[in-house]
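The values are calculated or read from the model by the stated rules, or taken from the named source; none is laboratory data. No experiment lies behind these values; they were computed from the predicted model shown. No Cβ is skipped: glycine too gets one built from the backbone with ideal geometry, and neighbour counts run over all protein chains shown.
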Amino acid sequence: MPSLLDLRRRIRAVKSTQQITKAMKMISASKLRRAQDRVIGARPYARQMERVLNSVASRVDPLLHPLLTEHEDPESKALLIVVTADKGLCGGFNTNIIKAASAYIAGTRATGVELGLVGRKGRDFFKRRGFPVAFEEIGVFQRVKYGDAKRIADAAIEAFVSGRVSKVAVIYNEFKSVMQQRVTTEPLLPIPKSAVAGAQADVSAVVDYIYEPEPAEILGGLLPKHIEIQIYRALLESAAAEHAARMTAMDAATKNSSELIDGLTLYMNKVRQAAITREIIEVVSGAQAL
C-alpha cells in the first residue's frame, strides 16, 4: 500500500500535467479558428481553379502538355507526398497518415515509391526505416505559406516531367470538423483524366469562350498553378486538422486527469482514514493494558 506522501506527490504530478493539457487545449483552440478560416477561404478558390482547368483542358490536345501525359514506362516509380505534423500529442493524427502511407507503399511495391515528406513525424518514421526520400520539408506548419506549397509542387513537377516518377499523389488529413479528420489520398500528376474527360463530355453544354492567348498557352501556365494550389490546400487542411485533433486529444486528457485525481484523492482519504483508525485502536489497546 503506498504511503500518504507518495499519493500526495502523485496527485500533484497529475495536477501539473492537467494544467499543461488545459493550456495546450486553449492554444490549439485559438489557432484552430484562424486555420479553419484559411481553409474555408482556400476551398472555393481551389474548386474554381479546377473548373477553369477543366474548361481549358477540354479545348486542347492532352498530349500538348507533359503534366497531362501518362507515362508508359512500367519501371517508373511513384512519388507520394506524405503530410504529417511536426509535433505529437494530437491523438491518432500522425498514426493514421503513416498507416495509410504504408498501405499505399505496400500496394505499389512492384514499381517502387519515392517519398516527399512534409512534417517531422513522417520524416522521422520513414527515414528510420530506410525508405527512399525525394525531398523533405520541416517546420512548414508554424505558418503555412504559399511559397512552401510552390516549393513542394516544383519538386514534384520536376520529378514527373523528368520521367523519374510516373505519377504523383498526396496523402493528408482533410479537415471535416473539430471532431473529425479524414485521411485523404489525392492523385496530382498526371492531371486526373476524370477532370479533363468530364469537361470534354460537357463541352457542348457550356458557353464557348474566346481565349487570348490560345488555350494551349493558357494551359501551360495554368497546370503548374493548379498543382501548387492543390498542395497549398492540402497543407491548410492538414494544419487545421492537426489543431482540431490536438484540441480534442488534450480535452480528453484533461477529463481523464480529473477522473484520475478524484480516484487518487478518494484512495488517499481511505488510506488516511485507515491510518487514523489504526492509531485509535492502538491508543485504546494501550489504555486497556494499563
- Query: Taking residue 240 and the conditions (1) surrounded by fewer than 13 Cβ atoms within 10 Å (Cβ to Cβ); (2) modelled with pLDDT of 90 or more; (3) assigned by TED's automatic domain parsing to the domain that holds residue 183; (4) not aromatic (Phe, Trp, Tyr), which numbered condition does it fall short on, given that it satisfies the others?
  - Reply: (1)
- Message: Restricting to the stretch 153-174, give me the number of residues that are out of contact with any strand residue (DSSP E or B) (no Cβ under 6 Å at 6 or more places or on another chain) and of a type outside the set (S, T, N, Q).
- Response: 7
- Message: For the stretch 69-162, give me every one of the strands (runs of 3 or more DSSP E) that falls completely inside it and has 2 or more residues that are of a type outside the set (A, V, I, L, M) and modelled with pLDDT of 90 or more.
- Response: 113-118, 133-137
- Item | Pairs with Cβ under 7 Å, 6+ apart, first in the stretch 129-158 and in contact (Cβ under 8 Å) with a residue 60 or more places away in the chain, second among the hydroxyl-bearing types (Ser, Thr, Tyr) and assigned to a helix (DSSP H, G or I) | 146/232; 149/232
